[in-house]
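The values are calculated or read from the model by the stated rules, or taken from the named source; none is laboratory data. The structure presented is a predicted model; accordingly, all values stated were derived computationally and were not measured. We place every Cβ from the backbone using ideal geometry, glycine too, and count neighbours over all the protein chains shown.
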Amino acid sequence: MTQSVTGYAKRGDACPWLCSRDVVRKAVIPAAGLGTRFLPATKVLPKEILPVVDRPVIEYAVTEARDSGATDVILVLSPGKELVLKHFDRNPALELWLRERGKEKLIPAVRGAEGLKVRSVLQEDPLGLGHAVLQARRAVGNEVFACLLPDDIFTGAKPAIAQMIAVHERFGCSVLAVRRVPRSTIGRYGAIKYSRHEGSVYFVEDVVEKPDPAEAPSDLAMLGRYVLTPSIFAALKATKPGAGHEIQLTDGVRSLLPEEQVVAVELESDYFDVGTIPGFLKTSIAFGRARPEFREELETYLEELLQGPPDRPAPTH
């Protein structure tokens, strides 16, 4: 079997021995964006702290990383977003207050990062997702790592990143998450071109950031989950600004393709986008309705709301 100079699978190679020595223990979560779509709510409060029901958005990604086997989470933050990291600090005074008032059941909920090392690196300038990932280079080192975008939330029997790690263990290369979308909407995403597939795994030939729907190579859109070899850092360092005059992670992945195999996988997960206000509202409704203690009241309220005029909220109870 042939290896590339980086030690990862060349295009077309499978590396069954590689999976036994590569364990994905580090997860990078880019959270440096300004959240302008949610202004004025995000003028002071980072978007990642906004709650979906009773958990901050960022906690869904951190929990997924932990449940997928990660022990070290690196948050990429911009200056002024220290509150995101602070959310994962222990709060002994709060825990004592809860214990003294017989509310011990709430203590695990305020330890969102228990069992994890959570730290941060700064992205001083908003130069794109690829640039944000590049800031984690020193913290990650020469390891395979997971990358989770907190705007995307996945639910299902097995965490999304855990599914992707299993694919990485099979093929020994970087793994992208994809899902089929209507071609009319593919321009909102990165899209893949693939040569062949084995079930839900696609062998990637090219990736294109926000393609024109008429020219998109497929209807398989890239989502906010990646398992990446450390070769991505050298690729990103050499990447020129692309769409939006930013350094795009998609372009970094594209530059890996001549040397390394990259695969994509359709996840067996439900997908929620909290990066827009309509998506955030729909996610909050879906997650609230899934909670038995809220379901009846929420469904009753929604029925009343739909019966009323569309420009006026339903009465509160």
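Things worth noting here:
- When residue 196 is tested against (1) closer than 22 Å to residue 242 by Cβ; (2) charged (D, E, K, R); (3) modelled with pLDDT under 95, only condition (1) is not met.
- Restricting 85, 127 to residues that are more than 18 Å from the chain's Cα centre (by Cα), closer than 30 Å to residue 242 by Cβ and buried (at least 16 other Cβ atoms within 10 Å of the Cβ) narrows the list to 127.
- Criterion (closer than 26 Å to residue 227 by Cβ and either among the hydrophobic types (A, V, I, L, M, F, W, C) or touching a strand residue (DSSP E or B) at 6+ places or on another chain (Cβ under 7 Å) (or both)) met by exactly one of 73, 44, 53: 73
- Top-ranked residue in the range 92-112 [being touching a helix residue (DSSP H, G or I) at 6+ places or on another chain (Cβ under 6 Å) and assigned to a loop (DSSP other than H, G, I, E, B); ranked as surrounded by the most Cβ atoms within 10 Å (Cβ to Cβ)]: 112
- Residues located in the range 53-72, provided they are within 14 Å of the chain's Cα centre (by Cα) and of a type in the set (Ser, Thr, Tyr): 60, 63, 68
- Those residues of the range 38-82 which are free of Cβ contacts under 8 Å to residues at least 24 places away in the same chain and buried (at least 17 other Cβ atoms within 10 Å of the Cβ), in sequence order: 42, 47
- Among the residues listed as 224, 187, the single one being modelled with pLDDT under 90 and within 25 Å of residue 33 (Cβ to Cβ): 187
- Residue 166 vs. criteria over 26 Å from residue 120 (Cα atoms), over 13 Å from the mean Cα position of the chain (by Cα), small (Gly, Ala, Ser) and not in a loop (DSSP other than H, G, I, E, B): yes
- For the range 217-252, the set of residues classified as among the hydrophobic types (A, V, I, L, M, F, W, C), under 21 Å from residue 183 (Cβ atoms) and part of a helix (DSSP H, G or I) consists of 243 only.
- Number of the exception - residue 13 against (1) surrounded by fewer than 17 Cβ atoms within 10 Å (Cβ to Cβ); (2) touching a helix residue (DSSP H, G or I) at 6+ places or on another chain (Cβ under 9 Å); (3) modelled with pLDDT under 90; (4) not aromatic (Phe, Trp, Tyr): (1)
- Pairs with Cβ under 7 Å, 6+ apart, first in the range 107-126 and farther than 17 Å from residue 91 by Cβ, second of a type in the set (Asp, Glu) and surrounded by 13 or more Cβ atoms within 10 Å (Cβ to Cβ): 117/72
- Residues that are in a helix (DSSP H, G or I) and either of a type in the set (A, V, I, L, M) or over 17 Å from residue 222 (Cβ atoms) (or both), drawn from the range 185-200: 186
- Residue satisfying all of: in the range 204-221; at pLDDT 90 or above and of a type in the set (Val, Ile, Thr); farthest from residue 247 (Cα to Cα) among these: 204
- Taking each residue of the range 269-298 that is in a helix (DSSP H, G or I) and looking for partners that are crowded, with 16+ Cβ neighbours inside 10 Å and among the charged types (D, E, K, R) with beta-carbon atoms closer than 6 Å, six or more apart or interchain, yields 279/273.
- Residue in the range 34-91 that is nearest to residue 164 (Cα to Cα), counting only those that are hydroxyl-bearing (Ser, Thr, Tyr) and part of a loop (DSSP other than H, G, I, E, B): 68
So that you can scan it fast, the table gives a plain yes or no per residue for (1) crowded, with 20+ Cβ neighbours inside 10 Å; (2) more than 17 Å from residue 191 (Cα to Cα); (3) charged (D, E, K, R):
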position: 217; (1), (2), (3): no, no, no
position: 223; (1), (2), (3): yes, no, no
position: 237; (1), (2), (3): no, yes, yes
position: 241; (1), (2), (3): no, yes, no
position: 257; (1), (2), (3): no, no, no
position: 279; (1), (2), (3): no, yes, no
position: 286; (1), (2), (3): no, yes, no
